[in-house]
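To start, the structure itself, in structure tokens.
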Amino acid sequence: MKKWIVIGVFLMVITMMPMWAAANDLGEASQFLCSSSWAISCAANHVCETGLATEWNIPEFVVADLKAKTLSTPPASGESRTTPIESVHSEDGLIFIQGHEMGRAFSMVVSGSTGNVSGSITTENLTIAVFGECTPLPITGVTK
């Protein structure tokens, strides 16, 4: 019985993989929703900590609007945070997003094909690396 459960789960995962990949394919999207999964913070005194990005006041969800050149929290978050994007560049299937505000610089690299995102927020004596996923907006198949 256990063998059939393992085989069933394996087959379910294999058949769903193309849907996961397609769901995060950013294609030509100019707006996408990014979610942070974990972060690592390192200070100049050689002390590093890992945890959720929210532990360092980084929003759990961010909307990247490449046309308006903004990063913002979605309305459902209850926050009203917006940061201007200074530079957007695409090359070899990657999207590079950079800017600075209030003494902090940020940089994100988003895979256009998988939606994987790696980012950093840096200030004097502190760097926070954030990892997560992005999906294009509007999200299709979701009803209000």
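Over all distinct alpha-carbon pairs, what is the Kirkwood Rh of segment 14-129 in angstrom? Let's see the in-between values first.
On the way: mean 1/r = 0.0659 Å⁻¹.
One decimal place: 15.2 Å for the Kirkwood radius.
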Legend entry - Karplus-derived HN-Hα couplings along segment 58-66 (A = 6.51, B = -1.76, C = 1.60, θ = phi - 60°), whole Hz, x at Gly and Pro: 9, x, 5, 10, 9, 9, 9, 10, 6
Inset, instruction - Rounded to whole Å and sorted largest first, list the principal axis extents of the Cα atoms in segment 82-144. - result: 43, 32, 20
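May I ask you to derive the FRET efficiency for Glu91 and Phe61 from their Cβ-Cβ distance with R0 = 30 Å, giving the value to the nearest 0.05? Don't skip to the answer; put the middle values down first.
On the way: r = 26 Å, r/R0 = 0.86.
So the FRET efficiency works out to roughly 0.70.
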Legend entry - Carbon + sulfur, % of accessible area of segment 64-144 - ligands and nucleic acids excluded, 1.4 Å: 56 percent
Legend entry - Listed residues Gly93, Val117, Thr82: farthest to the positive end of the dipole of segment 80-144 (Cβ charges): Thr82
Inset, instruction - Compare the peptides 78-84, 115-121, 38-44 by average per-residue count of other Cβ atoms within 10 angstrom and give them in order, highest first. - result: 115-121, 38-44, 78-84
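The values are calculated or read from the model by the stated rules, or taken from the named source; none is laboratory data. No experiment lies behind these values; they were computed from the predicted model shown. Note that each Cβ is placed from the backbone with ideal geometry, even for glycine, and that neighbours are counted across all protein chains shown. Note: accessible area is taken over every heavy atom of the protein model, side chains too, but ligands, DNA and RNA are not part of it. Shrake-Rupley method; radii C 1.70, N 1.55, O 1.52, S 1.80 Å.
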